Amino acid sequence: MKDVVTIGDAMITFNPSATGPMRFVPTFERKIGGAELNVAIGCSRLGLKTGWISRLGNDEFGRHIFNTVRGEGIDVSQLKLVDGYPTSLNFKEIMGDGSVRTFYYRTNSPTTALTIEILSEEYIKNSKVLHITGIFPAVDKEKNIDLIKYAISLAKKHGVLVSFDPNIRLKLWTKEEARTVLREFLPYVDIFLTGEEEAELLLGTSDPREVIELGKAFGISHIAIKQGEKGSVGYQNGEYIEAPAFKAKKVVDTVGAGDGFDSGFIYGLLNQWPLQKTLQFANVIGSMVVSVSGDNEGLPYLEDVLVQLGEREFVER
């Protein structure tokens, strides 16, 4: 039985050696990225049993990602290397304030080879949470929208909680396309993890109380609104909580912070923590991610989070 299973594309991410416009950056460092994979890594480092459903190119980059994922303790039984599809790439541009722009090269993604016919019902059935985002449907709109809808239907059929982070990428589709498609998912979502801008696009408001009321109207039972340096707002079981941010030591790279928050929120939910504790835990993880360069390098292990929370002593030597 898996605690968390997720579906999505992964990429080789090239991080710049210097801040500023990408055209002036002389060299890049190879790393790994992908929102759904980041959540899987985050959950695994916290100690959850995690699985990832995907396809990678049968090339050196694909093998590197495969080996890394396996090394993180993530189940790779539903991960295959396929011929004829290059592993996706992205290049990051990081400015001096830590803000990031991403340039994608993911046409003909290996996940094109992932189809409804080969999606394992048994695999999804034997999990507690299915985590999806709005990125994977946008990568291949002709196929992946239906595939995600089918995965959701399998989860609902077997009582698996559906966790959803809109993660809207406007370089992959238009606002209108994203709004139309992703709103169709909402009636089947149990855990809604959104940023303020994404909530505005999907629901027409970023006001936390309005977002929560609209989420409740869709039947969503667990809602978290990520507010960056302001912290987060959450709702579950009739309880509304505002949780202040945990100040990062230094903002180096903001990519992956939301994925870290998601993994922390899911961890708290599966451990049946009070909402206040879950939000605080997730906020701490988000703050730890932004202090490290890379999409997932800053995702902490459980003991690291407990040190930040003051629940465990840090012994340096």
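General remarks:
- Looking only at residues of region 115-146 that are part of a loop (DSSP other than H, G, I, E, B) and among the hydroxyl-bearing types (S, T, Y), we find that the one that is nearest to W52 (Cα to Cα) is S120.
- Meets criteria (in contact (Cβ under 8 Å) with a residue 12 or more places away in the chain, closer than 22 Å to K128 by Cα, in contact with a helix residue (DSSP H, G or I) (Cβ under 7 Å, 6 or more places away or on another chain) and surrounded by fewer than 21 Cβ atoms within 10 Å (Cβ to Cβ)) for G8: no
- Counting only strands (runs of 3 or more DSSP E) wholly contained in region 1-79, the ones carrying 3 or more residues that are of a type in the set (A, V, I, L, M) occupy 2-7.
- Residue, least open to solvent (accessible area, probe 1.4 Å), within region 172-196, restricted to residues that are touching a residue at least 24 places away in the same chain (Cβ under 8 Å) and over 21 Å from T6 (Cβ atoms): E196
- Within region 282-314, the set of residues being open to solvent by 20 Å² or more (accessible area, probe 1.4 Å), small (G, A, S) and within 16 Å of N38 (Cβ to Cβ) comprises S291, S293.
- On the stretch given as region 228-250, residues that are open to solvent by less than 60 Å² (accessible area, probe 1.4 Å), assigned to a loop (DSSP other than H, G, I, E, B) and closer than 14 Å to Q280 by Cβ total 2.
- One residue alone among I191, I148 is of a type in the set (A, V, I, L, M, F, W, C) and in contact with a His (Cβ under 6 Å, 6 or more places away or on another chain), and that residue is I191.
- Here is the figure for region 155-171: residues that are exposed (fewer than 15 other Cβ atoms within 10 Å of the Cβ), in a loop (DSSP other than H, G, I, E, B) and free of Cβ contacts under 8 Å to residues at least 60 places away in the same chain total 3.
- Filter result (surrounded by fewer than 18 Cβ atoms within 10 Å (Cβ to Cβ), modelled with pLDDT under 90 and among the hydrophobic types (A, V, I, L, M, F, W, C)) within region 83-108: M95, V100
For every residue, the table says whether it meets (1) closer than 19 Å to L37 by Cβ; (2) in contact with a strand residue (DSSP E or B) (Cβ under 7 Å, 6 or more places away or on another chain).
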{"position": "E122", "(1), (2)": "no, no"}
{"position": "N126", "(1), (2)": "no, yes"}
{"position": "A138", "(1), (2)": "yes, no"}
{"position": "G159", "(1), (2)": "no, no"}
{"position": "P166", "(1), (2)": "yes, yes"}
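- Residue match in region 185-205 (condition: modelled with pLDDT of 95 or more, β-branched (V, I, T), outside any loop (DSSP other than H, G, I, E, B) and over 19 Å from E242 (Cα atoms)): no
- Residue match in region 16-33 (condition: within 23 Å of I152 (Cβ to Cβ), within 12 Å of the chain's Cα centre (by Cα) and open to solvent by less than 40 Å² (accessible area, probe 1.4 Å)): no
- Counting only residues that are at pLDDT 95 or above and touching a Lys or Arg at 6+ places or on another chain (Cβ under 6 Å), region 241-269 holds 1 of them.
- Flag for E213 being open to solvent by 60 Å² or more (accessible area, probe 1.4 Å) and either free of Cβ contacts under 8 Å to residues at least 40 places away in the same chain or in contact with a helix residue (DSSP H, G or I) (Cβ under 7 Å, 6 or more places away or on another chain) (or both): yes
- Test: residue in region 92-101 that is in contact with a strand residue (DSSP E or B) (Cβ under 9 Å, 6 or more places away or on another chain), closer than 17 Å to R55 by Cα and either outside any loop (DSSP other than H, G, I, E, B) or not aromatic (F, W, Y) (or both): no
- Filtering region 236-282 to residues that are among the aromatic types (F, W, Y) and within 19 Å of the chain's Cα centre (by Cα) leaves F261, F265, Y267, F281.
The values are calculated or read from the model by the stated rules, or taken from the named source; none is laboratory data. Remember, predicted model here, so these are calculated numbers, not experimental data. Glycine gets a Cβ as well: all are built from the backbone with ideal geometry, and neighbour counts include every protein chain shown. Accessible surface is based on the protein model in full, side chains and every heavy atom, while ligands, DNA and RNA are left aside. Shrake-Rupley method; radii C 1.70, N 1.55, O 1.52, S 1.80 Å.
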